[in-house]
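Novice: Can you read through this structure? Questions will come right after.
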Amino acid sequence: MAHSKGGTPLDFRNTEDLKKHVFSILDFYYPTCIDYDNGGYINGFLDDGSINDTTTKHLVATSRYIYIFSIGGLLDGPAWCQEAARHGIRFLNNHHLDKENNGYFFELNGTEPENTSKMAYGHAFVLLASSIALKAGVEEAKEVLENVYEVVETHFWDSEHNLYKDEWDAAWTELSSYRGQNPNMHMCEAMLTAYEATGEEKYLDKAHTLAKAVTGKLAERSGGLVWENYTPDWQPDFEFNKNNTKDEFRPYGFIPGHQFEWSKMLMWLDRYKSEPWMKERAEALFQKGWDLGFDKEYGGIYFTLSPECDVIDTDKNYWVMSEAIAAAALLAERTGKTDYLEFYDQLFKYSSDYFIDYKYGGWYQLLDRANERYSHVKSPPPKTDYHPVAACYQSIIALKA
């Protein structure tokens with residue numbers, strides 16, 4: 001049986017216990033993460049909650065903090081949850097926003113832009129953050145949501161392929177030739193969240209278009225699983241970042257975690273716009289992710305597979321477990337099959353045994369194959385434990401359905 005920070009046993013099928021777990025994560029970060037000097041949030045923490053990076057301000061981290069505090073608000077948390085989210089919205093507007101060219105700078109050093117690239121991945125998280133904050137009652141988030149949506153449609157949308165391009169320079173004059181599924185997956189998540197926050201069909205339609213393009217067209221081009229990296233005309237690029245499985249945003253390989261994440265996305269989409277192919281693809285992606293990625297000896301899910309589907313990175317990553325948990329919860333709800341609840345229990349038990357820190361709060365980031373930690377850095381930029389908070393939130397919704 002898992003234990004909460006205070007030592008009380010947790011039942012992860014119990015929605016109140018899932019809420020407790022969310023707040024134990026928020027308590028790890030808050031109030032230490034609030035940067036009163038520069039605005040925004042502190043991005044770097046050691047296992048015990050000590051700060052190890054005061055200057056990095058990552059667009060993805062800022063957005064993920066807004067997300068987790070907004071979830072706290074939606075789960076009827078204390079008033080500081082909403083205020084902590086509002087604090088991040090202000091920082092997006094005051095410092096990440098490029099006042100000259102529009103769009104959002106990817107990384108700041110304090111309040112000064114350090115990486116001025118305009119990344120689809122980062123903009124997806126701004127859309128996610130502003131949507132969930134609006135849903136949680138942060139009215140200022142509406143302006144951010146409307147602005148970032150206009151930016152992504154104007155600059156990133158590739159109408160020929162129904163997918164988002166990846167990276168521009170600050171002035172929107174130079175487009176990278178790289179294309180990736182990862183920003184499109186997070187854009188799908190953001191569009192679903194924007195639809196839930198506003199009820200506007202355009203967001204749901206875009207989520208549907210993206211899900212069909214990636215889990216249909218792109219997956220077919222690489223044998224049924226979703227590959228990570230693509231050429232400008234959206235053919236799988238099996239040479240890009242070859243064997244660099246540790247790239248934060250453009251890892252090499254088939255990532256089992258992303259098969260689970262798309263499985264979750266399809267079942268989330270199915271809630272609002274149900275079509276038979278969604279369940280079929282969601283179940284297939286989940287099963288392939290499990291069959292190819294599950295470590296029968298040590299538990300958990302391997303990180304990366306080669307083009308031939310051989311395991312090439314045996315590490316266990318916190319976000320992979322979180323996404324597999326969320327996928328299992330949504331599949332259990334949408335299909336009615338109890339097998340998925342058994343997967344859910346197994347995944348949460350493993351995560352409870354190895355990833356969840358019941359002493360200080362939060363999740364460890366990365367383990368080796370035998371489930372040993374590499375480092376005492378719990379939360380480097382841009383982690384912020386958004387994945388486990390999101391998994392618990394989605395599981396609460398699914399379990400209550």
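Novice: Return only the number of the condition from (1) crowded, with 16+ Cβ neighbours inside 10 Å; (2) part of a helix (DSSP H, G or I) that Glu83 does not satisfy.
Specialist: Among (1) crowded, with 16+ Cβ neighbours inside 10 Å; (2) part of a helix (DSSP H, G or I), Glu83 violates only (1).
Novice: What pairs come up if the first residue lies in the stretch 12-34 and is under 15 Å from Gly73 (Cα atoms), the second is open to solvent by 10 Å² or more (accessible area, probe 1.4 Å) and of a type in the set (Ser, Thr, Tyr), and their beta carbons are under 6 Å apart, counting only those six or more places apart or on different chains?
Specialist: From the stretch 12-34, the pairs are Lys20/Ser4.
Novice: Also, I was wondering about something else. Kindly indicate which of Leu225, Leu192, Leu204 is in contact with a Phe, Trp or Tyr (Cβ under 8 Å, 6 or more places away or on another chain) and either free of Cβ contacts under 8 Å to residues at least 40 places away in the same chain or outside any helix (DSSP H, G or I) (or both).
Specialist: The conditions single out Leu225.
Novice: What are the residues in the stretch 357-372 that are touching a residue at least 40 places away in the same chain (Cβ under 8 Å) and under 19 Å from Asp295 (Cα atoms), if any?
Specialist: Across the stretch 357-372, the qualifying residues are Tyr364, Gln365, Leu366, Leu367, Asp368, Arg369, Ala370, Asn371.
Novice: Shifting gears a bit: Tally time: how many residues in the stretch 363-401 are out of contact with any strand residue (DSSP E or B) (no Cβ under 7 Å at 6 or more places or on another chain), open to solvent by less than 50 Å² (accessible area, probe 1.4 Å), in a loop (DSSP other than H, G, I, E, B) and closer than 21 Å to Tyr302 by Cα?
Specialist: 3
Novice: On the basis of being within 24 Å of His155 (Cβ to Cβ) and either buried (at least 24 other Cβ atoms within 10 Å of the Cβ) or under 16 Å from the mean Cα position of the chain (by Cα) (or both), does Glu261 make the cut?
Specialist: So Glu261 fails the test.
Novice: Now for a separate question. How about the stretch 160-210: which of its residues are buried (at least 18 other Cβ atoms within 10 Å of the Cβ), within 14 Å of Lys118 (Cα to Cα) and among the aromatic types (Phe, Trp, Tyr)?
Specialist: Of everything in the stretch 160-210, those that are buried (at least 18 other Cβ atoms within 10 Å of the Cβ), within 14 Å of Lys118 (Cα to Cα) and among the aromatic types (Phe, Trp, Tyr) turn out to be Tyr164, Trp168.
Novice: From the list Tyr302, Tyr298, which residue is within 20 Å of Glu228 (Cβ to Cβ), open to solvent by 10 Å² or more (accessible area, probe 1.4 Å) and out of contact with any His (no Cβ under 6 Å at 6 or more places or on another chain)?
Specialist: Answer to the check: Tyr302.
Novice: If Tyr360 satisfies every condition in (1) open to solvent by 30 Å² or more (accessible area, probe 1.4 Å); (2) under 16 Å from Gly300 (Cα atoms) but one, which is the exception?
Specialist: (2)
The values are calculated or read from the model by the stated rules, or taken from the named source; none is laboratory data. For clarity, every value in this text was computed on a predicted model and none was experimentally measured. Don't worry about glycine lacking a Cβ; one is built from the backbone with ideal geometry, like all the others, and counts go over all protein chains shown. Please note that ligands, DNA and RNA were not included when accessible areas were found on the heavy atoms of the full protein model with its side chains. Shrake-Rupley method; radii C 1.70, N 1.55, O 1.52, S 1.80 Å.
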